[in-house]
Amino acid sequence: MTALTASREALIALLRQICGDAHVLTHDDPATDLRPWEQDWRKRVHGRALAVVRPGNTAQVAAVVKACAAHHTPIVPQGGNTGLVVGGVPDGSGTQIVLSTTRMNAVRAVDPANLTITVEAGCVLQNLQAAAEAAGFLFPLSLGAEGSCTIGGNLGTNAGGTQVVRYGNTRELCLGLEVVTAQGEIWHGLTGLRKDNTGYDLRNLMVGSEGTLGIITAATMKLYPLPAAQLTAWAAVPSMDAAVQLLGLAHQRLGPGLTGFEVMGQFALGLVDKHYPQLRVPLWQETPWCVLLENSDSESEQHARSQFEALLEAALEAGCVTDAVVAENLGQARSLWHIRESITLAQAEEGLNIKHDISIPVSRIPAFVAETDALLAREVPGVRMVDFGHLGDGNLHYNVQAPEGVDGKAFLQGNEERVNTLVFDQVAKFNGSISAEHGVGELKVGKLPLYKDPTALSMMRAVKKALDPHNLLNPGRVLG
Ligand code: FAD
Ligand code: 2HG
Ligand code: ZN
């Protein structure tokens, strides 16, 4: 037995002592399929883990980190493995531990007077929403992957989703964290305080750090009153300019009632129609863009409906909407949202693709799209643009699908780098960000130094070095 193998065996034995045999999975058992933890959601990468470890509580997470530190073994934190930038799966070396939080999924407490809920990191977002609702409150974070992503992953990536225009990103919804550090210490920060000026904001340092600075084990999140009514409308708009004009009108007329504003391009909706014809996408064939709007009202459905109707009438008059439908009931509203949430899946059905989760000041999005569409059409003829996203937040999924009939994998091999450079240069020109939502992960690691302010980058490196000097936590991600 080599020293390396002996060290590996000793670590596995230690991890089994900490978490129990059933919760340390390795390739040694041929009946165990580690693919769900090793392959990323987009099937961009299939890594190989030394082991998948599933601690059941915070003390076990701390002990696992200490054991891995002693054996110089890197740890990749993983929640629901729905991330889109290859941030939560191991590399191919077979030397990294995947630390899966999914067994740590309890709701620890609801504090109605403080309007907070405290949950463990592995709690699936949909279960968190349901627990909030059962207590009579709204937890507003909402995204297509909510049936399997975890709050720990949402915090790790600072996920956005469809309600940001009103409630902010995951960061804005978080009031406290419990975190295991790279040294295996536990930071007890589940305060639930809305005000705390006692020094550096460690909570916000952890949020969005993609598992590179600490392992989030629990969080205290904000709750909101449930709205009295929620109405959804689907509008055909003649141009991106018109969509931005409609957004301005919606802000004016609905104020804080505007809880969702999503734009969807014709080709993106065409893909949903092609792969899921049963969803019956409205209006898409007659217009280049559709917009999904949501109005949440604290008064009544009648009030919400009359506000919505007045908004749509004004928009029709102004020419920024050419046709619209308002959902009659909750079932219809859900169907409209389901169409929007199915674009990612329809795109995956169509084949491997290039994703961009960029942000640009809202006012400049029409010019960005027009200019960048033209550039791409000239430089990479035949590409099909899958444009959609959270226009209310200035966040566009400016995705690129291979030309008709061209294999996605071959297209990516030959064009991904060129397409990314072209799009990111445009993003920089328009003062945007190359990642508004999904994070850096591994896919954008090489791009960050090209587009991030160098002083910001060196401060980030200093923070990483201070908190994780041995590069134990998710190495190769965010900073490389
Ligand atoms: P994982 O994929 O397991 O991990 C993601 C990252 O977080 C990794 O870097 C991982 O190391 C880190 N991490 C996980 N758990 C922890 C922890 N406990 N402590 C520290 N770090 C941790 N994203 C959006 O922002 N908005 C959307 O609208 C959206 N829609 C999506 C729709 C679909 C269909 C899919 C497949 C994905 C979507 N995503 C979206 C991306 C993804 O769902 C989010 O990034 C989500 O927050 C990831 O959660 P997860 O539990 O799956 O994390
Ligand atoms: C969404 O907004 C997600 O639906 C996924 O962020 C975006 O598939 C994508 O590119
Ligand atoms: Zn998104």
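In region 386-411, the residue that is nearest to the chain's Cα centre (by Cα) out of those that are surrounded by 18 or more Cβ atoms within 10 Å (Cβ to Cβ) and away from ligand 3 (no atom under 16 Å from the Cβ) is GLN401.
For region 143-154, the set of residues classified as farther than 14 Å from TRP337 by Cα and either surrounded by fewer than 23 Cβ atoms within 10 Å (Cβ to Cβ) or more than 6 Å from ligand 1 (Cβ to nearest atom) (or both) consists of GLY147, SER148, ILE151, listed by residue number. Residues in region 9-34 that are of a type in the set (Val, Ile, Thr), touching a helix residue (DSSP H, G or I) at 6+ places or on another chain (Cβ under 6 Å) and assigned to a helix (DSSP H, G or I): ILE18 only. For region 408-427, state whether one or more residues are assigned to a loop (DSSP other than H, G, I, E, B), touching a Gly at 6+ places or on another chain (Cβ under 9 Å) and modelled with pLDDT of 95 or more. Looking through region 408-427, none of the residues is assigned to a loop (DSSP other than H, G, I, E, B), touching a Gly at 6+ places or on another chain (Cβ under 9 Å) and modelled with pLDDT of 95 or more.
Residues in region 99-115 that are touching a Gly at 6+ places or on another chain (Cβ under 8 Å) and crowded, with 22+ Cβ neighbours inside 10 Å were compared, and the one that is nearest to THR150 (Cα to Cα) is THR101. Does region 368-376 contain at least one residue that is modelled with pLDDT of 95 or more, among the aromatic types (Phe, Trp, Tyr) and away from ligand 2 (no atom under 16 Å from the Cβ)? Checked against the condition, which is being modelled with pLDDT of 95 or more, among the aromatic types (Phe, Trp, Tyr) and away from ligand 2 (no atom under 16 Å from the Cβ), region 368-376 yields at least one hit.
Scanning region 355-367 for residues that are surrounded by fewer than 22 Cβ atoms within 10 Å (Cβ to Cβ) and either within 15 Å of ligand 2 (Cβ to nearest atom) or at pLDDT below 95 (or both) gives a single hit, LYS355.
Total residues in region 329-354 satisfying the condition of being among the acidic types (Asp, Glu) and modelled with pLDDT under 95: the figure is 0.
Taking residues in region 166-187 that are more than 30 Å from GLY255 (Cα to Cα), and partners anywhere that are assigned to a loop (DSSP other than H, G, I, E, B) and among the charged types (D, E, K, R), the pairs with Cβ atoms closer than 6 Å and at least 6 places apart or on different chains are ALA182/ASP468.
A quick yes/no check of all residues on (1) touching a residue at least 12 places away in the same chain (Cβ under 8 Å); (2) closer than 18 Å to GLU442 by Cβ:
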site: THR5; (1), (2): no, no
site: ARG8; (1), (2): yes, no
site: LEU11; (1), (2): yes, no
site: ALA22; (1), (2): no, no
site: LEU25; (1), (2): yes, no
site: ALA31; (1), (2): no, no
site: GLU38; (1), (2): yes, yes
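Just the residues that are more than 16 Å from ligand 1 (Cβ to nearest atom), within 15 Å of LEU175 (Cβ to Cβ) and hydrophobic (A, V, I, L, M, F, W, C), please, taken from region 104-142. Answer for region 104-142, where residues must be more than 16 Å from ligand 1 (Cβ to nearest atom), within 15 Å of LEU175 (Cβ to Cβ) and hydrophobic (A, V, I, L, M, F, W, C): ALA109, VAL110, ALA113, LEU115, ILE117, ALA132, PHE137.
Somewhere in region 386-394, is a residue within 19 Å of TRP289 (Cβ to Cβ), among the β-branched types (Val, Ile, Thr) and within 16 Å of ligand 2 (Cβ to nearest atom)? Yes.
Number of residues in region 42-58 that are touching a residue at least 60 places away in the same chain (Cβ under 8 Å) and hydrophobic (A, V, I, L, M, F, W, C): the value is 1.
Per-residue answers, yes or no, for (1) among the β-branched types (Val, Ile, Thr); (2) at pLDDT below 95; (3) in contact with a Cys (Cβ under 9 Å, 6 or more places away or on another chain):
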{"site": "GLU172", "(1), (2), (3)": "no, no, no"}
{"site": "LEU175", "(1), (2), (3)": "no, no, no"}
{"site": "VAL180", "(1), (2), (3)": "yes, no, no"}
{"site": "GLU185", "(1), (2), (3)": "no, no, no"}
{"site": "THR198", "(1), (2), (3)": "yes, no, no"}
{"site": "LEU205", "(1), (2), (3)": "no, no, no"}
{"site": "SER209", "(1), (2), (3)": "no, no, no"}
{"site": "ILE215", "(1), (2), (3)": "yes, no, no"}
{"site": "THR220", "(1), (2), (3)": "yes, no, yes"}
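Among the residues of region 155-172, those that are surrounded by 22 or more Cβ atoms within 10 Å (Cβ to Cβ) and either in contact with a Pro (Cβ under 8 Å, 6 or more places away or on another chain) or under 29 Å from ALA70 (Cα atoms) (or both) comprise LEU155, GLY156, THR157, GLN163.
With a requirement of 3 or more residues that are within 16 Å of ligand 3 (Cβ to nearest atom), the strands (runs of 3 or more DSSP E) lying completely within region 280-365 that satisfy it span 289-297, 357-359. Within the set of pairs 6+ apart or on separate chains, which have a first residue in region 429-450 that is part of a helix (DSSP H, G or I), a second that is of a type outside the set (A, V, I, L, M) and crowded, with 21+ Cβ neighbours inside 10 Å, and C-beta atoms under 9 Å apart? Note: pairs meeting the criteria are LYS429/PHE368; LEU448/SER435.
This table checks each residue for (1) out of contact with any strand residue (DSSP E or B) (no Cβ under 8 Å at 6 or more places or on another chain); (2) closer than 19 Å to GLN285 by Cα.
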{"position": "ARG305", "(1), (2)": "no, no"}
{"position": "LEU316", "(1), (2)": "no, yes"}
{"position": "GLY319", "(1), (2)": "yes, yes"}
{"position": "GLY331", "(1), (2)": "yes, no"}
{"position": "SER342", "(1), (2)": "yes, yes"}
{"position": "ALA346", "(1), (2)": "yes, yes"}
{"position": "GLY351", "(1), (2)": "no, no"}
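Here ILE434 passes the criteria (1) within 16 Å of ligand 1 (Cβ to nearest atom); (2) surrounded by 23 or more Cβ atoms within 10 Å (Cβ to Cβ) except the one numbered (2).
Here GLY192, GLY184, GLY199 are screened, and the one residue that is more than 25 Å from GLY392 (Cβ to Cβ), assigned to a loop (DSSP other than H, G, I, E, B) and touching a Lys or Arg at 6+ places or on another chain (Cβ under 8 Å) is GLY184.
The values are calculated or read from the model by the stated rules, or taken from the named source; none is laboratory data. Predicted model only: the values in this text are computed from it and were never measured. Cβ atoms come from the backbone with ideal geometry, glycine included; neighbour counts cover every protein chain shown.
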